[in-house]
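Working notes, beginning with the structure itself.
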Amino acid sequence: MAKPRFDIRVQPGFGTVALFTFAMLYLPIATLVVYAFNASDSLSSWGGFSLHWFYEAAENQAVQDAAWRSLIIAVSAATMATIAATMAALATTRTPPYPGLSFKYAFINLPLMVPEIVTAVALLIVFAKVKVWTGYSGLGYLILAHTAFCIPFAYLPIRARLEGMDQSLERAAADLYAPPWQVFRRVTLPLLRPGIIAGFMLAFVISLDDVVISEFVKSGGQDTLPTYMLGQLRRAVTPEINAIAAAFLVLSVALVTVFFFINRKKA
Amino acid sequence: MPEPSPVPDARIAVDCHGIVKQFGEGPRALRALDNVSVAIRENEFFTLLGPSGCGKTTLLRMIAGFEYPTEGTIRLHGEDIAGLPPFKRPINTVFQSYALFPHLTVWENVAFGLQMLGWAKGKIEARVAEMLKLVHMEELAQRRTDQISGGQAQRVALARALAPAPKVLLLDEPLSALDYKLRKEMQIELKRMQSETGITFIFVTHDQEEALTMSDRIAVMSKGRVLQVGTPWDIYDKPAERFVADFIGETNFLSAAMVGIEEGVARVRLPSGIEISASLAEGYRPAGEATVVVRPEHARMVTTGGQLSGVVENIVYFGTDTHIHVKLDQGSTFMVRQQNSRSKSCGASVGDRVGIDIAPDAAQVLRD
Amino acid sequence: MASAAEIARRDEQSKTRTRWLLSLPALFIVFIAAIGPLFVMLAYSFMAKGDYGDVKPGEFSLDGWFSVLFQRDIFDDTVTLADAHLSILWRSVRLSVITTLATLALGFPTAYFIATRPRSTREVWVFLITIPFWTNLLIRTFAMQQVIRNEGVLNTLLMWLGIINEPIPIMYTDWAILFGMVYVYLPLMVLPLYASMEKLDFRLVEAGYDLYAGRLAVLRRIILPLVKPGIVAGSILVFVPSLGAYVIPRVLGGGKNLMLANLIELQFGAGRNWPLGAALSISLMLLVMVAMLVYVRNATRSGGGHG
C-alpha cells in the first residue's frame, strides 16, 4: 500500500548521520589494518599484499621485549587489582550504611576523575625520589601504578554483580551449618565469578592500553608495547608499526568480543 | 455487520469502513483486525469492548494515527484521514499509562497541546485554568507530575487531552490502573465530562461492567472482529452470539429445538420437553437445533412447576443477592440469581428438588 | 554473661573491623600510587625549581604558580601575561569545547538510531560502538593519522573526486587534533546518550504527536529534555579527557600545537621547571573539577524526575 506512513520513532536524517558515524569509526581502523599488509617500505604507496611487516615486527627484539613486558605488567596489575577490588567490593556492598562507606567508595573511584597526565607526572615526581632512595628501578613501579588505576575498573563490574546477588542464598547456606568461610567459598565466590572475570578482563585491557602513565613512570629501557609505538611514531614510520598495531587491535577486539558474549550469556 | 438500530438523523463522527490490519504475509500472516466497520456518532460515548488481543486498541491507535490499516478507510466527519499524521488530526488520546510529561508541571502538561497549536498566551492561560477546574486540579497546577497520585494523574491526562477541544477523544483503558473505588468515581466523572463538553468519546475497555455503566453504545469485539454493536441494553438482553452472551454478565445456555417462528418470535422446545417463546435477532431464521440463553436474574426458583427441574447443587451468598446452582435433570447446570430480602433465606437448601420458572420474554435465541 | 545489647554491639564492631580490613589493600594501593602523589605534587608546586629539574627541597617559592599565567622579563623584571601559556590554555579549552559539540552532533543521532532499532539488533550496534572504545587510544590516534596525512585516505579520496588538486595539509594543525579527539572520544558520547535514550518512554513521544507537536517540536520539547542526563554525562565524559589529552596532540599536533598536557610534560623535560609543571597539573585538575561540579549540579537538579 502506498499510503503515507507516520512512524513516531523516526527522526529525519538521524539514520544517515548514524551510518556516517559508524563509517567514520571504522574507516581509520580499516585503513590501518590494510596498510599492515603493504609490501612497500613506506606508508606513502601501496606495494602489493604481503605479510612481510608482520614477520619483521615479530623478529624485532625490541618489539618482542615490549610485548612481553606489557603482558607481564597487565597480568600482574590486573590480578592484584582484581583481588583488591573484590575484597573492597565485599566490604562496600550489601551492608547497611556505616561510617566510612561513602568515603571508601569515593576514594576507590577517585583515580577515574583525575586526568591521566596529572597522575602520570605526580607519579614521576614520587617515583623519581623513591628510585634514588631505594636504588630499585625494576618493573615494580609500572605494576604498582597500573594496579592503582585498574582498581576502579575492576571494582565496577564486581560491585555491580554483588549488588544483584540475593543475600538469602548465603543465609540459607549459613542455616545449613556452613561456617562463614565455607559460605564464602561455596556460595558467594561461585556466584560472584562472572563479575570477577569481567573485572579482571576490564583491568587487563585497561592496563594493556595505557600509554600516558607508562610513558612517565617507566625507567630507561622499560618500553611497553604502547610506549614503544609512541616512540616509533616520532621517527619515519614504516608499515611495521601498522603490523604491530593491527596485531594489537585483533587482540583487543578478541578480548572485548569474549567479554561481550560472557555478559550476554549472563543476561 | 449491519447496525441493529440505525438512527438516520444522527451525524457520524468517525466512520471506520472495512478495516483490515494484517501483520506478516502468506499463511503465517496474523489478522489483528478482520474487516471491521463501525460508525461512531457525534456526541456519543462509544465503547470498544473485548478481551485483550481482540484488536480494540489497534483500532483506537488507527483512529489516533499511530497505526495504519492494511485495508479500509477511516473518515472523520466524512473526510478520509489516512494521509494525516497524528499531530494534524483533531483527535486527542488519554493514554492507558497517562503518558504525562515528567519534565513538565501539571500546568505545562495541560498547556502543551495549546502551545503546539500556537494559541496566544492569554488564551492558553484561560483555557488551562478552565480545564484544571473541570478536573478539580486547580490547586496542584504547579506540581511536578511525579508528585501527584494515580487518580490525579488520570485527571491531568484527561484535562490535557480535552484542552485543545478535539472533535473526538480517545480513551485507552484509562481507568485500569486505578483501584476499585476510584474507578467507580471516575466512571461517573467521565460520563459527566462527556455530557458537559459534548465531545465524542471513544472508550476502550475489557471491563464489561464499566462498558455497560458508561456507554451510549458498545461494540463487542473478539479476535479482530466486531460481533455486535448496540446500546448496553441491547448487548446485555439481546446478545446475538454466544461470545457476547458469555463475555457480558453471567448467563445460562440451554440447547433447544426450534419449533417455529411467528411474527419474529421463536417457539423452542427445552430439553425438559416444555415449549417456550424466545426472541430472535432481526432477520435471523434458524431451524433445527438452537442455543437459547437466559440471564440468571430472569429465572425464579419454584418449589413446584416451572419449565425446568433439577436438584440444588450449590448456594452462594453475595450480599445483595444469592446464586443458586441447580443441576438440571438433563445434566447441565442452571444458575438462578435471587435478590436477598432481610427476613428470609433463599428458601431452599442443597439437595432439594426444585423447579425453575423462566420469565416470559427472557429467553433469546443465539446466532450460531 | 554479656547482655544482648552488648553482644550486638560487639558483633557490629567486629563487622566494621572486617570491612576496613577487606578494603585496606585497595585503599592502600590507590593511595600510594594515585592519590598520595597528588599531594606530593601539590607540595612541589610551592617549591623553588632545581637547576637541573626537580626542586630545591624545603625552599618555599610561589614562582611555579606565578608562571602559570605570568612571565617576568629577564632583563627589566617587568611582569607580563604568559602569552604562550595562555594560548595553549585557550587552545585546550577551545578544542575541547568544539570536540564536545562535534561528538554531540554526531553522537546524538547515532544513539537515537541505535535506541530505535529492534531490541534484538540493538545490542550489535552498541557492540560496534564499544569495539573502537576498547581499542588502544594510541592505535586509534595513529589510525586517524593515516587518514588525514597528505598521502592519506581523505586527501587521496578528495583528489580522486576532483574536489582538490593537491593535498590539504591537515597533519600538525589544530584541525588534526580536533579530528583525532572527535574520532577517539566519540564512543564516550554515544554510550551514555544511548543509555538514557534506551530508557526513553516512546509513549511520551506518542503523546507529543497526539498533542499537535511536529517532528522538530517533539525532538526539542520532549526527547531532548528527557535525555538531558545522558547529554550532560556524555559531554563531561568527552570534555574532561579532551582537556587533558596528551597522546593525540603529541602525535597529530606535532611539536608546535601543544595542549595543556604537553605543556606540563615540557616542564618535566626540556623546560626543567617542575614547580611550574606541578602547578599546571593542579590547575588542569581544578578545571576538571569545575566541569564535574557542573555535572553533579545538573544531575541532582534533573535527577529523580524520571525513572
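Using a 1.4 angstrom probe on heavy atoms only, work out the carbon and sulfur share of the accessible area of segment B:12-242 in %. Carbon plus sulfur share of accessible area: 50 percent. For segment C:16-148, the Stokes-Einstein estimate of translational diffusion at 4 °C and a viscosity of 1.567 mPa s comes to 62 µm²/s, using the Kirkwood hydrodynamic radius over alpha-carbon pairs.
At 1.306 mPa s and 10 °C, plugging the Kirkwood radius over alpha-carbon pairs of segment C:16-81 into Stokes-Einstein gives what diffusion coefficient in µm²/s?
The Stokes-Einstein estimate is 107 µm²/s.
For peptide A:142-149, what's the mean number of Cβ atoms from other chains within 10 Å of each residue's Cβ?
4
Based on every Cα atom in segment B:12-242, Rg and the maximum pairwise Cα distance Dmax equal 17.8, 58 Å. Size descriptors for the protein assembly as shown, from the alpha-carbon set: Rg then Dmax equal 38.3, 130 Å. Decide, for segment B:251-365, between rounded, prolate and oblate: order the square roots of the alpha carbon gyration tensor eigenvalues as a ≥ b ≥ c, take rounded if a/c falls under 1.5, and otherwise choose prolate if a/b is larger than b/c, else oblate. The shape class here is prolate.
Find the centroid of the Cα atoms in segment A:128-152 and in segment C:215-247, then give the distance between the two in whole Å. If we compute the Cα centre of each part, the gap is 37 Å. Amide H contacts of B:S37 (H built 1.01 Å from N, in plane; Pro and chain starts excluded): B:G18, B:I19, B:V226 sit under 5 Å, all sequence-distant by 5 or more or on other chains.
For the peptides C:107-117, A:19-29, the ranking by packing is C:107-117, A:19-29, with the highest mean count of neighbouring Cβ atoms within 10 Å listed first.
Hey, what's chain A come to in accessible area per residue, 1.4 Å probe, Å²? Could you put the intermediate results ahead of the total?
Numbers: 12360 Å² over 267 residues.
Ligands and nucleic acids excluded, the result is 46 Å² per residue.
Global size of chain A: 23.6, 82 Å for Rg and Dmax (C-alpha atoms, Rg to one decimal, Dmax whole).
Taking each residue of B:156-168 in turn, how many C-beta atoms of other protein chains fall within 10 Å of its C-beta, and what is the average? Mind dumping the intermediate values first?
On the way: counts 0, 1, 0, 0, 3, 3, 0, 1, 3, 0, 3, 0, 0.
So the per-residue partner count for this stretch is 1.
Just to be sure I understand: with springs between alpha-carbon atoms less than 10 Å apart, which residue in C:R272, C:R91, C:R221 has the highest mean-square fluctuation in the Gaussian network model of chain C? In the Gaussian network model the winner is C:R221. Springs join every pair of Cα atoms under 10 Å in this Gaussian network model of chain B, and among B:V316, B:V14, B:V38 the largest mean-square fluctuation is at B:V316.
So if we plug the beta-carbon distance of C:R297 and A:M165 into 1/(1 + (r/R0)^6) with R0 = 35 Å, what FRET efficiency do we get, rounded to 0.05? With R0 = 35 Å, the Cβ-Cβ based efficiency is 0.55.
Under 5 Å between amide hydrogens, built in the peptide plane, is the criterion, and for B:I218 it picks out B:T47, B:G230, B:T231 among residues at least 5 positions away or on other chains. Across the protein chains, with a 1.4 Å probe defining accessible surface, the residues C:W125, A:W68, C:W134 rank A:W68, C:W125, C:W134 from largest area downward. Per atom type, chain C shows carbon and sulfur on 67% of its accessible surface, probed at 1.4 Å.
If we sort A:248-260, C:179-191, C:139-151 on the protection proxy, mean other Cβ atoms within 10 Å, highest first, what's the order?
C:179-191, C:139-151, A:248-260
Could you rank the peptides A:192-202, A:80-90 by their average count of other C-beta atoms within 10 Å per residue, with the highest value first? The partial results should precede the final answer.
Working: A:192-202: 20.9, A:80-90: 24.9.
Listed from highest to lowest mean packing, they are A:80-90, A:192-202.
Count Lys and Arg as plus one, Asp and Glu as minus one, and take only other residues whose Cβ is under 11 Å from that of B:E209; the net charge is then 0. Each residue of segment A:161-173 in order: what ³J(HN,Hα) in whole Hz does its phi give by Karplus 6.51 cos²θ - 1.76 cosθ + 1.60, θ = phi - 60°, with x for Gly and Pro? Karplus-based 3J(HN,Hα) across segment A:161-173 equals 5, 4, 5, x, 8, 7, 5, 5, 5, 5, 5, 4, 4 Hz. Annotation: amide H-H contacts under 5 Å for B:Q307 (H modelled 1.01 Å from N, sequence separation of 5 or more, or interchain): B:I356, B:D357, B:I358.
Neighbouring Cβ atoms from other chains, within 10 Å of the Cβ of residues in C:285-292, number 2 on average. Taking only Cα atoms and a 10 Å spring cutoff, compute GNM fluctuations for chain B and point out the largest among B:P166, B:P85, B:P232. Ranking B:P166, B:P85, B:P232 by mean-square fluctuation puts B:P85 first. Qualifying trypsin sites (Lys or Arg not before Pro) in segment A:172-267, where qualification requires a DSSP coil assignment and no more than 12 other C-beta atoms within 10 Å, comprise A:R235. Restricting segment B:166-250 to GluC sites (Glu not before Pro) that sit in a DSSP loop and have at most 12 other Cβ atoms within 10 Å of their own Cβ leaves B:E250.
For segment A:63-117, a/c is not less than 1.5, where a ≥ b ≥ c are the root eigenvalues of the C-alpha gyration tensor, and a/b does not top b/c. That puts it in the oblate class. Among rounded, prolate and oblate, which fits segment C:111-201 when a ≥ b ≥ c are the square roots of the eigenvalues of its C-alpha gyration tensor, a/c under 1.5 means rounded, and a/b larger than b/c means prolate? Prolate.
The values are calculated or read from the model by the stated rules, or taken from the named source; none is laboratory data. Values in this document were obtained by computation on a predicted structure and should not be read as measured data. Cβ sites come from the backbone with ideal geometry, for glycine too, and all protein chains shown count toward neighbours. Surface areas here come from the heavy atoms of the whole protein model, side chains and all, with no ligands, DNA or RNA. Shrake-Rupley method; radii C 1.70, N 1.55, O 1.52, S 1.80 Å.
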